[in-house]
Every structure is written in C-alpha cells, then in structure tokens.
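Quick note: the coordinates plus some simple rules give every number you see, no bench work behind them. Since the model is a prediction, treat every value here as computed from it, not as a measurement. Heads up, the Cβs are rebuilt from the backbone with ideal geometry, glycines too, and the neighbour counts pull from every protein chain shown.
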Amino acid sequence: MGGRVVRSDGSGRSGRIGRVGGHTDARGDTRGDVQAGTRDREATARKPRRAVGGADPHEAVSRSEPGQFVDARRLASEDILARTLQENSGTLGLATRPKVVDFAERAKERKRVGVRIVALRVAAVVAVVAVLAGLGWLLFLSPVLRLESGQVGVSGANEWVSERQVRQIVDEQTGRSLLLVDTRGLTDQLTGIAGVSQAEVTKRFPHGLSVSITAQRPAAMLKERGSDALTAVDEKARVLNSVDSDASVSGVPVIEVSDLNAGLNSRAVKETLTILDSLPESLRARITKVSAKTQDSVTTELDGGKQVIVWGDSSELKLKKAVVDKILSDPNVIGDKTQVDVSAPLRPVLR
C-alpha cells in the first residue's frame, strides 16, 4: 500500500518515507518531500483551470486537496470591486454609484422640514387671528356701523310722554355698533315709562334707529298745593310727565294733593285714579274738580259744581257707571237734584 510514514532518527529529526518506484525510500533527508511537492504542482498544472470571481481563466489557482502542499500565494480570491461594478451596472452598461444614506444629514433635513411645518401652522393661525380681529374691529368698534344720535327717529310721543324721555333712554346706546344695540332691552325700558303701553325699536343700518311708541293719556293731573306745576299720572299712579300750570289740560281731571310723593302713595288717590281712568271721555271732559278725603269717598264735580257724583270706592265700577249714565241722561230722573250717590249702586241716592 502506498502512503507516507514519519520516522525519527536518533538526532531528533523527522523524515518522510517516499514512494519511489514502488519501494520505500527511508532516507532521513528532505529531498523526497521536495520531489513529492514538485510532482503535486505539476499534476495541478495539468488540470483544467476555472475563472473564479471574475479572475483570468488562464491564471493558475491553487486548490487544497488532501495530502497536498498548499501555496498561499495561489489561493482563490474574489475581486470585490469587479463584483460591485457588475451588480450596479445600468442597462446601458454604465456603472452606477450605489446610494449612500447619510443618517445625520437625513435627521437634520427632517428637523428642518418639521420646523418649516410648525412655522407655516403658526403663520396660518396668526393670519386667521388677525383677520378675525380686523373683522371684529370693523363690525363692533369702527365707525362703520356706529349708532349716531342724529339718526334716531322717535314717533308716538305726546305732551304727556315726551320725546325727550324716549331719547334719554336711546342716547345711552349711541356711539355703539348697531350690532351691539339690544333692541329688546330698549323696548323693555321704553315700555317701563309711565304711560307707554307699547314700544317698537328697529335698526336702520348703517347708523340709524327707529323708535315708535304708543303713549297713554293721563288718568289725571296731580297738583301740589303751593306749586304751579302739574304732574300727569296714569291709572297706576305712575308719573307720565310734568308740565307748567299754563299748559293745556283740557279733558284731564285735576286732583289737588298736599304733597306729591304722599299723594302718589295714597290709597285714596289710587282709588280715584282707577275710577277716573275708566270713565268715558264725554264724562271726563265735564269734570272740573276731584276730591277724595278717604278711599271710600271719591267725589267728582261736573260743569263747575252743577252736578256732583259720589262714587265711593272703585268696587262694582261697571255697575256704578251704568247707573250714573242712566240718571244723568234722563231729566225726569235727575229732576232738580244736583248730587248722585252711587257708593251703593243698587240703591242710588239723589239729593
């Protein structure tokens, strides 16, 4: 059998026994090894060579086989550059440079984009706020829709509910935007004026306001002793207006009181006002004097004292008015009597 054996002589050197011509050469030198290596290289050179990793196919490549000497200089190697160019070559055979990602630069770019987006959003918010602020100023603070006192129209006032009273309330709103004028609040304030039964407020853009009121007639005039002023009041003892004694009060009964404030709170005066306000205009126009010492003794004088009617209080007022009208309209009933007492309407008394 062929093979290699290692022997050791007394000098400590090791040798290889080669096979020469079928005999074993047991010499202790290294010439047999050199010859064996030479034969191996020659056998390798006679084998067909292959191109590896893009190398020249005619270049000898060392292969490691069992029992053979390996020359490191002829070991197979791979050309990384050639392989990279081959894998990245374009359709036209041109080499393309592989894409290299710089993560630090990419992070900076993303940060810049984020900052730009935030800046755009902030700018958009600022622009919207500016537009809203400008619109708010234009509509609510600028002179474009400002209410001007010269463009406020008032209708329905009379000598008892004066236009001045109405304008005093409306003037509190002048200088404000019409959009901020509370027409409902103005209406409530105007109907709170004594004698105003109805009020309507209408906006007239861009600067005007229209006010229409329905004023009541006074139930009576209160005259304080020692004063020339007359105070108009309604049936609830609310003050309508104050006029001079020279003003025309035709058709309006006059009640003389010792003190105006006390008279407005007097039960007797309130009963008198209720009776006077309910009387027809034909009868009211004939009244020349009214007296009420107590709440049960309301008395009116007609035509300068030609006839006197004692009403008592305001109870059963509808029946009392019907009895008085029947007596006064029938000369056969009234006769020469001058006083009609209907404080008890079912049993009227003529004197």
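Rg of the Cα atoms in the range 200-274, relative to 2.2 N^0.38 Å, amounts to 1.40.
Approximating the spin labels as points 7 Å out from Cα along Cα→Cβ, the Thr338-to-Ser291 distance works out to 1.2 nm. Between the C-alpha center of the range 296-314 and that of the range 160-208 there is a gap of 40 Å. Of all lysines in the structure, those lying under 23 Å Cα to Cα from Lys326, and not within fewer than 8 positions of it along the same chain, are Lys289, Lys306, Lys318, Lys337.
Dipole orientation for the range 220-350: of the candidates Thr338, Gly251, Asn265, Thr338 has the Cα lying most toward the positive pole (charges on Cβ; Lys, Arg +1; Asp, Glu -1). The lysines whose alpha-carbon is closer than 18 Å to the alpha-carbon of Lys236, local same-chain residues fewer than 8 away aside, are Lys223, Lys270. Under 5 Å between amide hydrogens, built in the peptide plane, is the criterion, and for Leu240 it picks out Ala232, Val233, Asp234 among residues at least 5 positions away or on other chains. Peptide packing: for 117-125, 236-244, the average count of neighbouring Cβ atoms within 10 Å per residue gives the ranking 236-244, 117-125, highest mean first.
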